[in-house]
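Each value in this text was obtained by applying a stated rule to the coordinates, not by laboratory testing. Because the structure is a prediction, the values reported are computed rather than measured. Cβ atoms come from the backbone with ideal geometry, glycine included; neighbour counts cover every protein chain shown.
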Amino acid sequence: MVSPPNRTPVYSGKPLPRFGGQGACAVKCLYLHPDEFTLKSTIAQELDAIGQKEGFPVRVQVGNQLYPPSQLQTVAPDTIEATTRWMQDGCQFIRKLNHKPSLLLSSTYQDPPTIRDGVTLGKLLGFRTDSHDLHLEGGNIFIDRDSKGETFALVGRDVYRNQEAYRRETLLERMISRFFSGSRGIVSSNVRCRDSIQKQLSKLLGIPPKKIFYLSQPDFHLDMSIRPINHPDILVHDGQLSLQFLKEAFNASQDESEKQKISQLLKETEQLQKSPEKELFEAELITLERLMEKTDDPKKKKLLLGLYEDVQSDQKRSVPKYASPDKMSSQLKATGLNPVKIPGVFGSLRNRTNYLNAIAHRKANGKLVYITNASPLPFLDEQFKRYLLTQFPQIEACYFITGGPSMLEKERYFIQDCLENRGGIHCLALEQPDYGKYNLA
């Protein structure tokens, strides 16, 4: 099986100061925020079953109520408002030094139901809610503590996006632009503007500017390509290891039908490695096609068609959109962290597996529980679980979320519907860190 490079020791045996972020933390509670589709899925029930076994509750917010998953059948679908399913991106828990925890609302989602529900969640939990005008979403920031007990943050460079231009967009344009990170000239290259954003972010998070590290993004958000585990280790997707993993899975399979599906997945992954830009443009085109199918408004269709043509134009000109994972790994090394390359992302957008987009829950014994997206092929999940538990002794258990059958395609799960929309289980669920428990090095 694929082996990662040598890593630094996992445990020092010394307790760190109380945890203040969203890295590999002890989860006090997981929150979900369903739309009409996620309400029909089994996401909440699957997470609840894991939580009951591993020691954390799951709650689903619908308006001003928090429901345990077992009571979701009492929620009428017509009570679900048009709000975001991506709860991790809509708000984040933060805790500044010598301050009580608070809930930070993302400025990306300015639609009234989402903002209102964020404020409501804060009231339900007794947390202050703060807002800001930065382009900052939960999937694009990881906050953790280093071996000295100092808080640091990893932030995707999308935070430099021009918010003045963003605020002038319509709600539909904002929803669409969520898929187009770093494209169409919206990222500011002005040094003064970037300096202002860095100062504002430092004040917002209560973290010194020198401890906020800005990373190039290989994908829509950082959490689609990396997963912090025990400091200083950061799991990072590697394309070549992914190909090797699939080849070994193909050789290990004894089922002919399964081997054919792995072979197809291997071809799709090879194509992804050869021309990642093509896949990213196709993601935008698929999103626009689905949005055009859903609307009868001539003005909205005209807007969508214009954006569709813009994407096609950029595709022909091969406009660069994202950085390579290797570039991000180099940046992580420069901060003193240890990027550990693993096989993590496979297949085309319509047949996606992503094992990096994951929730990491730290148990009382210091070991981690790893919760990630299921593959359309259960055999791959078995192979990855064996790999993960063998190579990373700090990970005690690994679970895969399916969400039930797909609502869009045959022979895949609902979680693939989510991944096609550039999000997975870490994007859907918001972790409330247990600030009363200690973090182990």
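Structure summary
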item: Interchain or long-range residues, amide H under 5 Å from Lys28's placed H; result: Gln432, Asp434
item: Mean Cβ count within 10 Å, highest first, over the residues of peptides 34-40, 207-213; result: 34-40, 207-213
item: Hull-based mean projected area of region 193-287, where the convex hull spans the alpha carbons, in square nanometres; result: 9.7 nm²
item: C-alpha center-to-center spacing [region 70-92, region 212-265] in angstrom; result: 30 Å
item: Residues with amide H under 5 Å from that of Val60, placed H, sequence gap 5 or more; result: Leu32, Tyr67
